[in-house]
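First the structure, in the form of structure tokens, and then the observations on it.
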Amino acid sequence: MVVRPRLPGLSWSAERVILNIIARMRATGAEIIMGTSGELIRLINYVDDITTTLRRISAFVAAMESDEKKRLAESLKVAGNNLDALVVRLEKGGQ
């Protein structure tokens, strides 16, 4: 088994996303542009923050009132739709 060093300052999930992107870029012959890598890491850290926030929200759901759960669900649906649209846009090459 090959053990490689971890990328400093990144969670496992963020590191996995970055490594998958790099692998796809290499597979398609695309070059990694150093000027964008810092921004990419920052954006992936935002995604990691969102994941952490969702975990925190999940921890409090059981203690919420029914009407609070409904309001939160509506808010999450909008966020989910925005997330789905962004994923589709990214998969199409960002157009």
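The values are calculated or read from the model by the stated rules, or taken from the named source; none is laboratory data. On a predicted model such as this, the values are computed, not experimentally measured, just so you know. Backbone-built Cβ (ideal geometry, glycine too); neighbour counts: all protein chains shown.
Being in a helix (DSSP H, G or I) and either at pLDDT below 75 or within 24 Å of GLY93 (Cβ to Cβ) (or both) is true for just one of ILE22, ILE32. Which residue is that?
The match here is ILE22.
Restricting attention to region 61-72, the residues that are among the hydrophobic types (A, V, I, L, M, F, W, C) and either surrounded by 11 or more Cβ atoms within 10 Å (Cβ to Cβ) or in contact with a strand residue (DSSP E or B) (Cβ under 6 Å, 6 or more places away or on another chain) (or both) total 3.
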